[in-house]
Structure formats: C-alpha cells, structure tokens
Amino acid sequence: MAIVALIEYEDASPEVRAVYDDIRATRKVEWINNFWKGLASHPPTLERVWRDVKTVMAPGALDPLTKEMVYITASIINGCSYCVHSHTAAATAKGMTREQHAELVSIVALAAKTNQLATALQVPVDPEFDRG
C-alpha cells in the first residue's frame, strides 16, 4: 500500500498534468503508471525525476534494450519489486527474449554470489585491475 496519495490526472495540478502529458507523449502511452502518480504528491520531485529519466534513458552509447537490462539489474540488486516488474515489461517491449532475461538473471545471481565471497574473504584487488 502506498504511503502517499496516487495522483490521478483528473485530480492533478496544472504542473503535474504537464509532466503527465510529457510522459504520455514521450513514451507513446495512454496511461500514467503508479510510480509517477506517487511522485506527483511532490511536484518538484516528479519534474526532477522525469527530467533525469528522459536524459539518462534517451538514446546514447548504450542501446535502449541494454539500458533497460541494466535498470533491471540495479532493481534486482536494490530489491525494488516495482522497478523489476516495470523495467522487465519495458525491456520485453524493446525486444528482450525469455532467453535473454534468464541469462540476465543468472548473471545477476552469479555476481551477487561472487561479490559476497570476495567481500567475505576481503580479497585484495589485483594491481592490474586497480586503475584509480
């Protein structure tokens, strides 16, 4: 259950409606998902996060599917069920196959295991890897 009101378009202020309209136009969708409706409880945060999402997820050196798969990975690591679901749907819409998803989840699980082992054992970083 949300701890903030989910702001529907009909109940939104003009500034929130403007962001909602931009989300719909940019994503070519007819509806606003609950994440944005929750953020709309504080319009400056809604505007800032939407601007950041548009900037970071825009076409760049990484293709859109890769960006969504990275987002899924971070969402799994951070334990955000909402984001795992929404970005898996987005990645699927961008062409992610079941096989790619299964392989992605296997990589995330392997990384979690090896990260924990390296941390538990406090393995020193090899000089060849330490570029900083």
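The values are calculated or read from the model by the stated rules, or taken from the named source; none is laboratory data. It should be emphasised that the depicted structure is a prediction, and the values quoted were computed from it without experimental measurement. Here Cβ is always computed from backbone atoms with ideal geometry, including for glycine, and neighbour counts include all displayed protein chains. We work out accessible area using only protein heavy atoms, side chains counted, and drop any ligands, DNA or RNA first. Shrake-Rupley method; radii C 1.70, N 1.55, O 1.52, S 1.80 Å.
A few points about this structure:
- Of all residues in the stretch 1-26, those satisfying the criterion of being in a loop (DSSP other than H, G, I, E, B) and not polar (S, T, N, Q) are Met1, Ala2, Ile3, Val4, Ala5, Leu6, Ile7, Glu8, Ala12.
- Hey, Lys94 of a type outside the set (Ser, Thr, Tyr) and in contact (Cβ under 8 Å) with a residue 12 or more places away in the chain or not: yes
- Conditions (1) assigned to a helix (DSSP H, G or I); (2) touching a residue at least 12 places away in the same chain (Cβ under 8 Å); (3) more than 30 Å from Lys113 (Cβ to Cβ); number of the one not met by Ile72: (3)
- Selection status of Ile23, among the hydrophobic types (A, V, I, L, M, F, W, C), more than 30 Å from Ala111 (Cβ to Cβ) and touching a helix residue (DSSP H, G or I) at 6+ places or on another chain (Cβ under 7 Å): yes
- Qualifying residue in the stretch 32-41 (condition: open to solvent by 80 Å² or more (accessible area, probe 1.4 Å) and either of a type in the set (Val, Ile, Thr) or farther than 28 Å from Ile3 by Cβ (or both)): no
Quick grid of which residues meet (1) open to solvent by 100 Å² or more (accessible area, probe 1.4 Å); (2) more than 18 Å from the chain's Cα centre (by Cα); (3) polar (S, T, N, Q); (4) modelled with pLDDT of 95 or more:
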{"residue": "Pro44", "(1), (2), (3), (4)": "no, yes, no, yes"}
{"residue": "Arg51", "(1), (2), (3), (4)": "yes, no, no, yes"}
{"residue": "Gly60", "(1), (2), (3), (4)": "no, no, no, yes"}
{"residue": "Ala74", "(1), (2), (3), (4)": "no, no, no, yes"}
{"residue": "His85", "(1), (2), (3), (4)": "yes, no, no, yes"}
{"residue": "Met96", "(1), (2), (3), (4)": "no, no, no, yes"}
{"residue": "Glu99", "(1), (2), (3), (4)": "yes, yes, no, yes"}
{"residue": "Val105", "(1), (2), (3), (4)": "no, no, no, yes"}
{"residue": "Ala120", "(1), (2), (3), (4)": "no, yes, no, yes"}
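- Top-ranked residue of the stretch 107-118 - restricted to ones that are hydrophobic (A, V, I, L, M, F, W, C) and open to solvent by less than 90 Å² (accessible area, probe 1.4 Å), ranked as nearest to Asp63 (Cα to Cα): Val108
- Val29, sole failed condition from (1) within 26 Å of Leu6 (Cβ to Cβ); (2) part of a helix (DSSP H, G or I): (2)
- Contacts under 8 angstrom Cβ, first residue in the stretch 101-123 being within 30 Å of Ala89 (Cβ to Cβ), partner part of a helix (DSSP H, G or I) and not hydrophobic (A, V, I, L, M, F, W, C), 6 or more apart: His101/Thr88; His101/Thr92; Leu104/Thr73; Ile107/Thr73; Val108/Thr73
- Selection status of Arg27, farther than 18 Å from Ser86 by Cβ and open to solvent by 70 Å² or more (accessible area, probe 1.4 Å): no
- Out of Thr55, Thr66, one residue alone is assigned to a helix (DSSP H, G or I), open to solvent by 80 Å² or more (accessible area, probe 1.4 Å), among the β-branched types (Val, Ile, Thr) and more than 28 Å from Met1 (Cβ to Cβ). It is Thr55.
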